Every structure is written in C-alpha cells, then in structure tokens.
Amino acid sequence: MTPRAAPLPARAAWGMLLALSCAFVLSQAFRSLAAIMGPPLTQDLKLSVQELGNWSAAYHFAFGVMQVAMGVSLDVWGVRRTILLAFPLTIAGAALASQADGYGLLMLGQLLIGTGCSPAFLVCTVFISRHFAPERFTPVSGAVMSIGYTGMLLTATPLAWLIEQTSWRWGLGALALAALATWLLMAWRVHEPPVAGDASAARPSPLAAFTGLLALFKLPQTRGMVAYALVAYATYITIRGLWLGPLLVERFDFSLVQSGNVALAMTLASIGSPALFGRIAPAGRGRQRWLITMAVLVALLVATMALAPAAWMDSALAITLGLMSGYMVLQHGYVHASYPAEVRGRALSLLTMAMFLGVSLMQSLSGMAASLAPRFGVEPFTAALLTMSALLLAGAFTFWKLPRGL
C-alpha cells in the first residue's frame, strides 16, 4: 500500500508538485531529442538509421529498467532524496554527450540521461497518491502529464533554431544547464513531510521488489495491461521523439526549423490532451472501451502516414496524433481502479516500466525495419510507421482478448 504522509496544505502540495513536474518536463525534452537532433547527428557522427534508433531507444531502456530501483528508493528514502540523488546523472549525461566524438560516448551519455530521468514521473505519481484525495488521482496525473508535454516544446522550433545557429552540441549543453537549474529548484522547494508510521518498518530489497512485480502476473488483468502499456505511449513518442524530424527532412526536404515548427504544433496540440481525457473519460468498462478504440484509431492514422505520403497530410496527421495523445493517461486510472490498494504502487511501477521499455523496443524495431526496408524496395519511413501501427494493433488486441480489471 502507498503510505499516507502527514497532510500538506493545498498550496504547498501544488508548489512541490510543480517543482517535481519540472524534472518531468526535462525528461520529456530529453526523450524527444532525436526528432530534431537526429539529422545533424547522423551527418556529423555518420550514424546509420539503426544506430539513430538505438541511440534514441537507449534513453527509454535505461528509464524502464531503473523503475524497480527507483520504486525501492521511494519506499526507503522518499521523494526528495530519490529525485535529488538521481537527477545529477541527467546533467552529467547531457554534458558528456555534448562532447561525444563517436557513437559509444553518445550512447553512454544517453544511458546516463535516461537513468537520471527515470524517477521523474514516478515521483510525481507517488507524491499525488500521498498528498491528494484518491478521486483526484487521474485528473491531477493528467494535469502533470500536460505540464510535462511542454518539455517537448523545447525540442521543437527552439532546439532546431539553436542547432542551426550553432550545433547539436550547444543544444545538449543548453539542456544540461536547464537540468541543473531544475535540480536546484527541487532542492529548494521539495520538502515532503514524514510518512505516517514507522518508515523503517518495511524496507524491501531490490530483489524483493522485483519479485513483487513479477507476482503481479498472477493477477489475471496484468498481462493485458502490460501488453497495452508496451505500445500505446511508445507509438506517440517514437513518432514525436524519433521519426518526425528525419521523416519531414528526408521525405519532403523540410529544413530543420520547418520540421521543428511541425513538432512544435504537434506538441502544442498534445499539451492539453491528458488533462482533457482525465476529465471526460468514463470509468470502469467505459474506460476500457476508450483505451481500445483510441489505440485502433491511432494505429490507422499512423498507417495512413506510412502509405499516403504527402507533406501536408503527414504534418496534419502528426498534429492530430498530438491532439489524441492524452488518452494514454487512462491507463493510470485503469491501474489505480483495477488493483487492490496493497499492490497498487507496484502495479503503477510495472505500468511505468512497461511503457518505457516499450518505447525502447518500438524505437529499436522501427529502426531495424527502416534499415532493412531498402532491400525489399520499401521506403524506410513507410516500413518504420507500418511496424509501429502493427505493434499498436497487436497490443490493443491482446488487451481486448485477455482478462481485464475495472
């Protein structure tokens, strides 16, 4: 069970949550770098399409595999110490990657960034569960996701302009400085009150925590939830965070700033979407129908981008995907309602882990599809987009057919 902390005044709770949300904003910026930074990186460091996909995926791989450790840290040391100890790795990783002269150092920096950002959203959800009423969990989580999406504004037109005026190294350096400022803000503002009861009574080891996560698979609703979580968020962030820029630049000869403008419009469309879905979507079986229907619609839009290439259409569909992206917040409400209170924290950790390992998997698989496509006379971006569409449909179908919760 997620322990309840001493009550906080509403103003203080929102102030701390907004400070924590700044780390989530930066994590969104870092995970969407490749959409704008991909073309100059490919040119400067001579990266292949597969290497670019693997580099982008490395962030999400590190982010996903660290969820168990960060969950244990939250139980043992709390929100403040967890984020303040982890986030300096983001600063170090960005600084290191900005000096990379080859693929190896670039990958190391990306892994450090992903590790440092790994508790960014988890600390927000844990803080919300401790300091906000249970019925407010989904709408407040949706608001935080909307705030987080503003991080992708940084990696749209502003980053494209900075790179065109200087280089991709200055782009990473600027993000490293922003991460340092965020760490200082959290150190100043976040002071969570002690958890009620004996905080040292139960301190799980990483092995025990991992075993606890695996035990969730004994519950019938877990496998479908994981299958869906692996592909839903992954589809959106793989387009916005990896393929959008290269697709517009190489398929339609957009400039870097022009592709950044489309990314900016897509991000602006996505900002209010989680908060909106958090308020209008139904609960129970209705929520499940929404999850399945929205996934199918998104898969069809992605397939249209693959099979009917046109500059105006791909741009418009990308913006439409941004408008629809908020449906993914329904997963958090689904997990919160479908698991008993004593395992809810572990279920949310498993959801987060599946979401980000799914991004790593989808970016690697779509990169592999793009690299193999020319052998079969298929355009690389067509292959990448169709791969994403097929994976999303497979995840939605699995969620539909397997037992589900509430």
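The values are calculated or read from the model by the stated rules, or taken from the named source; none is laboratory data. Everything numeric here is computed off the predicted structure, so don't read it as measured data. Glycine gets a Cβ as well: all are built from the backbone with ideal geometry, and neighbour counts include every protein chain shown. Protein only, heavy atoms only, side chains kept; ligands, DNA and RNA dropped before computing areas. Shrake-Rupley method; radii C 1.70, N 1.55, O 1.52, S 1.80 Å.
Quick look at the values:
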read-out	value
Residue match in the range 147-155 (condition: among the hydrophobic types (A, V, I, L, M, F, W, C) and in contact with a Leu (Cβ under 7 Å, 6 or more places away or on another chain))	yes
Residue in the range 302-319 that is aliphatic (A, V, I, L, M), closer than 18 Å to G142 by Cβ, in contact with a Leu (Cβ under 9 Å, 6 or more places away or on another chain) and open to solvent by 20 Å² or more (accessible area, probe 1.4 Å) present	no
Inter-residue pairs, beta-carbon under 8 Å, first closer than 20 Å to R11 by Cβ and open to solvent by 10 Å² or more (accessible area, probe 1.4 Å) and in the range 116-142, second among the aliphatic types (A, V, I, L, M) and assigned to a loop (DSSP other than H, G, I, E, B), 6+ apart	H131/L8
Criterion (buried (at least 24 other Cβ atoms within 10 Å of the Cβ), part of a helix (DSSP H, G or I) and small (G, A, S)) met by exactly one of A94, A69, A62	A94
Count - residues of the range 168-184 that are buried (at least 24 other Cβ atoms within 10 Å of the Cβ) and within 15 Å of A120 (Cα to Cα)	2
Where a residue in the range 247-271 is on the phi < 0 side of the Ramachandran plot and surrounded by fewer than 24 Cβ atoms within 10 Å (Cβ to Cβ) and its partner, wherever it lies, is among the acidic types (D, E) and in a helix (DSSP H, G or I), with Cβ under 8 Å and at least six apart	R251/D314; F252/D314; S255/E164; L256/E164; V257/E164
Hits in the range 361-383 - residues which are crowded, with 24+ Cβ neighbours inside 10 Å and under 11 Å from T235 (Cα atoms)	M362, Q363, S366
The range 1-28 residues that are at pLDDT below 80 and surrounded by fewer than 16 Cβ atoms within 10 Å (Cβ to Cβ), paired with ones that are in a helix (DSSP H, G or I) and among the acidic types (D, E) (beta carbon under 8 Å, 6 or more apart)	M1/E342
Tally, over the range 272-295, of residues that are surrounded by 15 or more Cβ atoms within 10 Å (Cβ to Cβ) and either basic (K, R) or at positive phi (or both)	1
Hits in the range 81-91 - residues which are in a helix (DSSP H, G or I), in contact (Cβ under 8 Å) with a residue 40 or more places away in the chain and open to solvent by less than 10 Å² (accessible area, probe 1.4 Å)	T82, I83, T90
Residue match in the range 97-109 (condition: within 26 Å of G333 (Cβ to Cβ), crowded, with 22+ Cβ neighbours inside 10 Å and at pLDDT 90 or above)	no
Residues satisfying the stated conditions in the range 30-40, i.e. in a helix (DSSP H, G or I) and within 22 Å of F63 (Cα to Cα)	F30, R31, A34, A35, I36, M37, G38
Qualifying residue in the range 381-398 (condition: hydrophobic (A, V, I, L, M, F, W, C), in a helix (DSSP H, G or I), under 21 Å from A283 (Cα atoms) and at pLDDT 95 or above)	yes
Subset of the range 151-166 [among the hydroxyl-bearing types (S, T, Y) and open to solvent by 50 Å² or more (accessible area, probe 1.4 Å)]	T166
Checklist (1) more than 18 Å from the chain's Cα centre (by Cα); (2) at pLDDT below 90 applied to F356, failing item	(1)
Lone qualifier among G78, G71 - being on the phi > 0 side of the Ramachandran plot and either touching a residue at least 40 places away in the same chain (Cβ under 8 Å) or not acidic (D, E) (or both)	G78
Qualifying residue in the range 346-359 (condition: over 30 Å from A133 (Cβ atoms), of a type in the set (S, T, Y) and open to solvent by less than 30 Å² (accessible area, probe 1.4 Å))	no
Subset of the range 217-229 [out of contact with any Ser or Thr (no Cβ under 8 Å at 6 or more places or on another chain) and surrounded by 24 or more Cβ atoms within 10 Å (Cβ to Cβ)]	T222, A229
Answer from A187, A181 - the residue that is at pLDDT 90 or above, assigned to a helix (DSSP H, G or I) and under 23 Å from the mean Cα position of the chain (by Cα)	A181
Sole residue being over 14 Å from the mean Cα position of the chain (by Cα) and not in a loop (DSSP other than H, G, I, E, B), chosen from L122, L47, L108	L108
